[in-house]
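A.B. asks: Please find one structure pasted underneath; my questions will follow.
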Amino acid sequence: MKRFFLTTLLVATVFAAQAQKVWTLDECIDYALEHNLDIRKSQLAREQAEYQYKISKNAWLPTLNANAGEYFGFGQSPSYTGVYVSDNSSSASFGANLSMPLFQGLNLYNTAKADALNLQATEKDQEAAQLNLKLGVMGFYMQVLYGKEQVEIARRQTELSAEQLEKTQQLFENGRVAEADVYESRAQLAADQANLTQAETDLALSLLTLTQALEIEDSEGFEISTPEAFFASQNQELDAPQATIAQALLNQPSMEAARLRLQKSHYDLKASKSAWYPSLDFYAGYSNGLYHYFGDNYPNTPADEQLKRNSRAQLGFSLNIPIFNGMKTKYRVKMTELSIADQQLDLENTEKTLRKEIRQAYGNAKAAQQKMEAMENSLEASRVAYDYAKAGFDMGKKTLLELNESKTRFHKAESDLLQARYEYLYRCKIIELYRNAE
């Protein structure tokens, strides 16, 4: 019983520790990279490309096969001399064959080079998928941080409304305000409580979205931290996008993958053209056999003598010269040339898309920065206006409606600044990933 109690206590402690775990951004990204299904699929694609490359690379190696068989004949049976005899018989044969390509018009070499480049391209595809996942997780993570701060703003506004209701109730009891002001304060408190509930709901949905991106089934008890270094880019100066574009065109995985596939298509073309050239193969083989007759019409030779007599080895070369194959090689070459043109267009389109995305990221970051600066001024003005409205209401110079309108503007300014701040931070992080893609 004591052991059961200790075990239960230990399990409860472990679950409590897991529930209290606070996830950092790096931990979220690392977990997503390990468990995300798209990343796992890209890993499988890379492994398939790796095995395909190994097949092509080892195509130079010789092929060695062994064979053996047992045969029974009834009536007329063949003998080792090739003459048929009137006896039932059995025969056993065994041997080995070796073949090795010597020259295939450089087909094997070019195919191996193409598959090697394809392997590198799939590795870059995986890196691109990881980069996109990082961007997605970062966006969801920041949305949760934004939601948490929205909840805090809504909670502060609710507390202010509760204090205002209490103060209005006291003023009404002292005959300084009308009863309608009390109902107005209650309505404002109810509206702020509804805003708080909505903010908490939005936060819960943001947490759910983040945990789903991490492939975590249950978001209950999931909590994230707010890294101070994450906000270091808030006051950074945005440079011109040209340097980031130049860096991204060199290092972005999507660009590298497109360039590698273009190179691969050129080797595919060489491999297709190799079908016009002669091919030379080397062959070697060994065979032997045993014969046994069940009747008296033909004598049986001892096995050791048969093995000596029936042994046969051979070496040879096979030369194949293509003359005409129904224009298949010509059309395959044409199709590969079209594939090169298509890969060239893919490269140009990837470059064009990348330039567009970076310029949009800079434009969005600049707009968010300007909005953030404007919202900072707006928040300061709204705070001062709210303080004056509150003081004026306390002295009877402002109505409750004017106070609530000032408070609403102050609340909106806080929310707008918070939204602009996270928008700007997110855009800066996007630019950092474009500039420093790994």
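Throughout, read-outs are computed from the coordinates displayed, never taken from laboratory work. Note that this is a predicted model, so its numbers are computed, not measured. As a convention, Cβ positions derive from the backbone with ideal geometry for all residues, glycine included, and neighbour counts pool all protein chains shown.
A.B. asks: Using 0.36 nm per residue, how much length does the chain from Arg186 to Leu338 gain when fully extended, once their Cα-Cα distance is taken away? Mind showing how you got there, number by number?
C.D. replies: Numbers: separation 152, 0.36 × 152 = 54.72 nm, distance 7.30 nm.
Here the segment from Arg186 to Leu338 would lengthen by 47.4 nm.
A.B. asks: What FRET efficiency comes out for the pair Glu70/Tyr283, r = Cβ-Cβ distance, R0 = 22 Å, nearest 0.05?
C.D. replies: Numbers: r = 25 Å, r/R0 = 1.15.
Taking R0 as 22 Å, the efficiency between Glu70 and Tyr283 is 0.30.
A.B. asks: Quick check for region 46-174: number of Lys pairs with alpha-carbon distance under 22 Å, counting only pairs 8 or more apart or on different chains? Numbers along the way, then the final one.
C.D. replies: Details: Lys54/Lys113; Lys54/Lys124; Lys57/Lys113; Lys57/Lys124; Lys113/Lys124; Lys124/Lys134; Lys134/Lys148.
Pairs that pass both the separation and distance tests number 7.
A.B. asks: Continuing with the same structure: Keeping to pairs on different chains or 8 or more places apart, tell me how many lysine pairs in region 347-438 have Cα atoms under 19 Å apart.
C.D. replies: Lysine pairs meeting both conditions in region 347-438 amount to 10.
A.B. asks: In Å and from the alpha-carbon atoms only, list the Rg and Dmax of the chain.
C.D. replies: Both quantities, over Cα of the chain: 39.7, 139 Å.
A.B. asks: Please tell me the relative contact order of the chain in percent, rounded to the nearest whole number, where contacts are Cα pairs under 8 Å and at least six residues apart. Intermediate values should be presented prior to the final figure.
C.D. replies: Working: 547 pairs, mean separation 99.8, N = 438.
So the answer I get is 23 percent.
A.B. asks: Here's something else I'd like to know. Any idea what angle helix 400-435 forms with the longest principal axis of the chain, computed on alpha-carbon atoms, 0 to 90 degrees, nearest 10?
C.D. replies: It works out to around 30 degrees.
A.B. asks: Please work out the C-alpha center-to-center distance from region 99-160 to region 393-438 and express it in whole Å.
C.D. replies: Centre-to-centre distance over Cα atoms comes out at 32 Å.
A.B. asks: Count charges around Thr329 for me, please; just the other residues with Cβ under 14 Å from its Cβ, Lys/Arg as +1, Asp/Glu as -1.
C.D. replies: Every neighbour counted, the sum reads +4.
A.B. asks: Could you calculate the FRET efficiency of Glu380 with Glu402 from 1/(1 + (r/R0)^6), where r is the beta carbon distance between them and R0 is 25 Å, rounded to 0.05?
C.D. replies: 0.80
A.B. asks: Among all the lysines, which ones have a C-alpha under 20 Å from Lys330's C-alpha, if same-chain residues fewer than 8 places away are not counted?
C.D. replies: Qualifying lysines at Cα under 20 Å: Lys264, Lys270, Lys273.
A.B. asks: Helix-only estimate, please: 222 nm mean residue ellipticity of the chain, summing -39500 (n - 2.57) across DSSP H runs of length 4 or more and dividing by its residues, to the nearest 500.
C.D. replies: Working: 10 runs with 295 residues, N = 438.
Result for the chain, helices only: -24500 deg cm²/dmol.
A.B. asks: For a quick check: sort Met327, Met138 by the number of other beta carbons within 10 angstrom, fewest at the front.
C.D. replies: On the way: Met327 9, Met138 20.
So the ranking, lowest neighbour count to highest, is Met327, Met138.
A.B. asks: In the neighborhood of Leu290, defined by Cβ-to-Cβ distances under 11 Å, what is the net charge if each Lys or Arg adds +1 and each Asp or Glu adds -1? Write down the numbers at each step before the final one.
C.D. replies: Working: positive: Arg309; negative: Glu70, Asp304, Glu305.
Its environment carries a net charge of -2.
A.B. asks: Here is a further query. On C-alpha positions alone, give me the angle between the axis of helix 328-394 and the longest principal axis of the chain, in degrees, nearest 10.
C.D. replies: 20 degrees
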